Amino acid sequence: MRKTNNFHYNLIFRPESEGGFTVIVPSLPGCISYGKTLEEARKNAADAIGGYIVSLKKHKEPIPNDDQSFITSLDFDFVKHYAAAA
């Protein structure tokens, strides 16, 4: 059992066409938040994570975190990839 109350979460910030940012917490399914600025989006994400963890504790469920995971990105050229395979 985890002996600390400190958790690490990766966040995905997606700019929205109407302005602001949607924040997704991949390790906590359905934990999504929004803010008009990056600062507000980050604060709202922290609030959403807190509520999520309270619910998990209330239901005696394990609390996932991102201590062992990381995020990276990949630029994928579909045409180049499949032209080489053909």
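Does region 35-52 contain at least one residue that is surrounded by 10 or more Cβ atoms within 10 Å (Cβ to Cβ), on the phi > 0 side of the Ramachandran plot, in a loop (DSSP other than H, G, I, E, B) and in contact with a Gly (Cβ under 8 Å, 6 or more places away or on another chain)?
no
What is the residue count in region 3-31 for residues that are within 12 Å of the chain's Cα centre (by Cα), surrounded by 12 or more Cβ atoms within 10 Å (Cβ to Cβ) and under 20 Å from SER73 (Cβ atoms)? Walk me through how you get there before you give the answer.
Filtering region 3-31 down to residues within 12 Å of the chain's Cα centre (by Cα) leaves 8-14, 22-31.
Adding the requirement that they be surrounded by 12 or more Cβ atoms within 10 Å (Cβ to Cβ) leaves 9-14, 22-28, 31.
Going one step further and asking which of them are under 20 Å from SER73 (Cβ atoms), we end up with 9-14, 22-27.
The total comes to 12.
Just one of (1) surrounded by fewer than 10 Cβ atoms within 10 Å (Cβ to Cβ); (2) among the polar types (S, T, N, Q); (3) touching a Gly at 6+ places or on another chain (Cβ under 9 Å) trips up SER73, so point out which.
Tallying (1) surrounded by fewer than 10 Cβ atoms within 10 Å (Cβ to Cβ); (2) among the polar types (S, T, N, Q); (3) touching a Gly at 6+ places or on another chain (Cβ under 9 Å), SER73 fails exactly one: (3).
Let me spell it out: the conditions are (1) among the hydrophobic types (A, V, I, L, M, F, W, C); (2) out of contact with any strand residue (DSSP E or B) (no Cβ under 6 Å at 6 or more places or on another chain); (3) not in a helix (DSSP H, G or I), and VAL23 meets all of them except one. Which number is the exception?
Of everything listed in (1) among the hydrophobic types (A, V, I, L, M, F, W, C); (2) out of contact with any strand residue (DSSP E or B) (no Cβ under 6 Å at 6 or more places or on another chain); (3) not in a helix (DSSP H, G or I), VAL23 misses just condition (2).
Return only the number of the condition from (1) on the phi > 0 side of the Ramachandran plot; (2) in contact with a His (Cβ under 6 Å, 6 or more places away or on another chain) that GLY19 does not satisfy.
(2)
Laboratory data are not the source of any read-out in this text; all were calculated from the coordinates shown. Not measured: the values here are computed from a predicted model. Note that we place each Cβ from the backbone using ideal geometry, even for glycine, and neighbour counts take in every protein chain shown.
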